[in-house]
Structures are given as C-alpha cells and as structure tokens.
Amino acid sequence: MQLSYFRRVAAGGAVAALAFAGVGAFTAGPAYAATSKVSVVHGIPDTPVDVYVNGKKTLDNFKPGDVAGPLNLEEGDYDIALTKPGEPIGSAILKVDNAAVPGGANISIAAHLDAAGQPKITPFVNDVSKVDAGKARLIVRHTAAAPAVDVRAGGTPVFEDLTNPNEAKGDVDAGNVKADVVLAGTDTVAIGPADLNLKEGTATIVYAIGSAEGKTLDVVAQTITGLHSAPGGVPSGDGGQAGTGVDTWWYVLTGAGVLLLLGGGVRMATARTGRK
Amino acid sequence: MTVRNRGALAALAAGVAALTVAGLVACANQPAGTVGAEEASTLASAPPTAASAPSVPVTAGELPAGPKIIPPVRLLIPEIGVTATVNAVGINERTNDFEVPPSVDQIGWYRYGPGLEADAGSVVIAGHVDSAKQGKGAFFRLRELDQGDTVTATGSDGEARRYRVVAREEYVKTKIPLDRYFARDGKPRLTLITCGGPFDAKARKYRDNIVVTAVPV
C-alpha cells in the first residue's frame, strides 16, 4: 500500500511542477514585499516524508495530518524534494524543481491525493485580507480522493459542489459551528460532523484529505491569525453632562464683564475730571 | 462719594465678578488633556520577531479548539469611585460599532480581543460617560484618572488583577487610532474607553473619545 503511494508520488512530480508555476500568475504581489509566508500541509495518508528545500533538509519525518510553517521565503525559484524519512535526497520520491514562489504572498502547499487517488502537490494562495470586526473567515479545500461534496454548517449547505483541488470560502460570524461534509446534493455524510471554533479575526482553513475508497477521509486544519479589524467606533455617551469646552453663555458673560469694566472705568475717569 | 462714582464702582465690581466666573468656568471645562501618549504608543508596538528561526514549526493540523479566555467580570477604580459589572460584548451589527452595554452603570469588555489571561495585546473595556435618559455613567469621571492611579479587574476565575494607569489621551473620534487600542499584539495592557470633549447637543454626540491605558502591576 505504502509503496504504491510512493510510486504515485513520483508520477505526480510533473503535475506538481506545473502547479507551482501557476502560483505566480495569480499572486502578483506588491513589488516591495519580497518575502512570502509558505506553509506545507501533509494530506497523503500513511506516507511520512522528509522535505528538502534547495537541497537542505527542512522538515524531518513530516507526518500526514501535520502542518509546517509558515516559512519566510524570499521571492524566487525553489527546488523541493520529498524523501522517505532518513533516505538521501538522491532517492527522492517526489521532486519539484524551480518552483516559483512569488513575493508578498501567503501560500499553503498541500501534498494530497487527487480525485482519482493519485498523489500530487497543489499550491493555494491564502486570502489574508482583513475580516470585519466580529467576523471569521472559513476556507474549505477539497484535497481528497473523493467526488464533489457539499460543506454544511448546522445542517445547512454553505459551500456546494466543491471538487478536488478547489477551495470555497466565506466570512462568517465568529463563534462555534457544527460542520460536516456530504456527497454533493445528498445527505450522505462523508466527513464529520465536527465542532469548528471560528475565532474572530482569523482564517480557518480546513482541508479534506485522504481517500473515500480507502476509508481514510479526514480533515487537516490550518489557522491564520491577525486578520482582525477594529470596531468602527466607540459611541459611549449621549447625555452631554460631561461636555468640555464652553457654551455660548460663557462668551456673553465674558463680553458683559469686559464692557462693565470699561464702562465703569471710563465713568470713574470722567467723574474725576468733571469734579476738577 | 458721588452717585456717579458709586455707579462706576458697581460696574467695575460686576465686571470683575463676571470675568472671574467666566475664568473659573473656562478652567473647569478644560479638556482632560493628554498624558503618557508616548508610553501608550510604545506599548502597542510589537517586539521584533526573531530573525528566521532555524527550525520550521510543525503542528498537528487539528481543528482549532475553543480558546481559554478569562473575561473580566468586575472593574474597580477607587480614585474615581468606579465599581462596575463588566459584560462581554461584541459588535453592533447595524453600525459596526463597539456594543457598549445600554445600561450606563455597566461596562463592556470586547470579547473578540484578549482576555485577562493574555500575555500580549490590549484588553478593551468601554463604558458610558453618561446618557440622556439614565444620567451619569460608570465612566463619567474617567477623564480624571492620572498616571499612577490603580485599576483592578477581576476575572471570571475570581482572581483580581491590578493595573497602573500610564496614559490618558483624548482624541477626536474621527482621528482615534483604534487599531492600536484593539491590537492583539504588543505588551499586555488594559485600555479603558469612554466619550468626552465638547458635546454636540443637536446630534447628541460627544466629539471625542477619552482613552486610559494601564499596565499590569
């Protein structure tokens, strides 16, 4: 079983290379942001690996269901290789040469099965734009050897007809939600249900992984924090008792005071001169 | 002394009295002013992240669990006579504003931000300065707080945590750097917010926000 996966991983190499090239096309980030955050998600069942980046071992015995990173990678091309744990890079089971990492992006690279059960690598660009105050972002990625699915929250489909290797996303009220995955258009539960805690100001990325045929369907989750926004304002008073600054009557009073002083002074002066 | 002279003296006295009253009122109505602004902004700046950690963090991709947050339930500020119940509040759906509790003797903790357990970021509590219908609010005298005053926040775990006021700032509402006060990074701090400044009687709104920043003792 495991060996057959390895063979399939090797076959998937060419696909992976193509997929990497595709990332650059849709993440033309600002020129000044040269560094990208890159996470790696392992969604191939029963296949722990070592991960090499540019010939250097970066992840040791990386297990299915784990998420590594984020790594800060300078914009550029990278050679990535996966080996069986402990094996030399020469006997890599999957190699991707000159994978293009664009600048200023947040990327998740998923090693997973395609719809037909072939191992492959798909890079996803993560939406790390700010969410409104009180909201959380939910992103679901179909990276399992399974047909099209619907994602339900509290029994109601929220994302429909999601296929491998695509994603669906939305900003929802932060909080807890009971979610499950069903075969598209049916009530046949494929994964779950599970309690999702969607924390405000974060993106929760849920990957459906494994194989329906192999009965290894599962989920891997990745969370990106720091996407929160501040409230629009803090309105906290409409009484006016604590108002500072001065009202119109203050100017009237001050004006009257000055006039009285002047008037009184002039009168005194004229009175004195008058008596002389 | 002539009648004329007496009249002039009276006018002078009245003038002096009027100006004295006006002067006193002007002093009393001075905006609270700002102290410790620099310290408050320093607290908000996040420490530089460690340059390229040698090893890559690996985590099990489990579904995120409910975070363990300790909400404040009670706030005590002896200097200005505040003993108030703290409610966990969020965002007003319609206005996108902080949902300050409608009852002016209660105050609201921003439940999306850090709780008292947090080792980083700003715990935000806002309260009414006053209300047209209910009169003075819990934070009526917030603008009187000064550096060194003590604030005690009790958490849902029963533990009382003491904070020392380091800054009091006044901002026109359109210019207040809310991102800084609702930050989830930077040094751990307690941020108290209410309204202040000149009151627009027609719009029934204060022009400014008063912001008090305190740090754990």
Give me a count of the residues in segment A:110-134 that are more than 18 Å from residue A:222 (Cβ to Cβ) and touching an Asp or Glu at 6+ places or on another chain (Cβ under 8 Å).
-> 5
Does residue B:101 satisfy the condition of being touching a strand residue (DSSP E or B) at 6+ places or on another chain (Cβ under 7 Å), of a type outside the set (Lys, Arg) and either buried (at least 19 other Cβ atoms within 10 Å of the Cβ) or farther than 20 Å from residue B:142 by Cβ (or both)?
-> yes
Within segment B:110-202, strands (runs of 3 or more DSSP E) holding 1 or more residues that are surrounded by fewer than 24 Cβ atoms within 10 Å (Cβ to Cβ), among the small types (Gly, Ala, Ser) and more than 10 Å from every other protein chain (Cβ to nearest Cβ) = B:150-155, B:160-172
Regarding residue B:88, is this residue at pLDDT 95 or above, closer than 15 Å to residue B:116 by Cβ and within 14 Å of another protein chain (Cβ to nearest Cβ)?
-> yes
Here the qualifying pairs (Cβ atoms under 7 Å; residues six or more apart or on different chains; first in segment A:62-77 and closer than 15 Å to residue A:210 by Cβ; second among the β-branched types (Val, Ile, Thr)) come out as A:64/A:44; A:64/A:47; A:65/A:220; A:66/B:58; A:66/B:59
Name the residues in segment A:45-73 that are under 22 Å from the mean Cα position of the chain (by Cα), more than 9 Å from chain B (Cβ to nearest Cβ) and of a type in the set (A, V, I, L, M), would you?
-> A:73
Scanning for something outside the structural domain of residue A:64 (by TED's automatic domain parsing), among the hydrophobic types (A, V, I, L, M, F, W, C) and over 30 Å from residue B:98 (Cβ atoms), does segment A:160-173 turn up at least one residue?
-> yes
In segment A:158-211, residues that are within 11 Å of another protein chain (Cβ to nearest Cβ) and hydroxyl-bearing (Ser, Thr, Tyr) total 3
Would you check which residues across segment A:44-83 are assigned to a strand (DSSP E or B) and of a type in the set (Ser, Thr, Tyr) and list them?
-> A:52, A:58, A:78, A:83
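The values are calculated or read from the model by the stated rules, or taken from the named source; none is laboratory data. Model, not experiment: these values are computed from the prediction. Note that we place each Cβ from the backbone using ideal geometry, even for glycine, and neighbour counts take in every protein chain shown.
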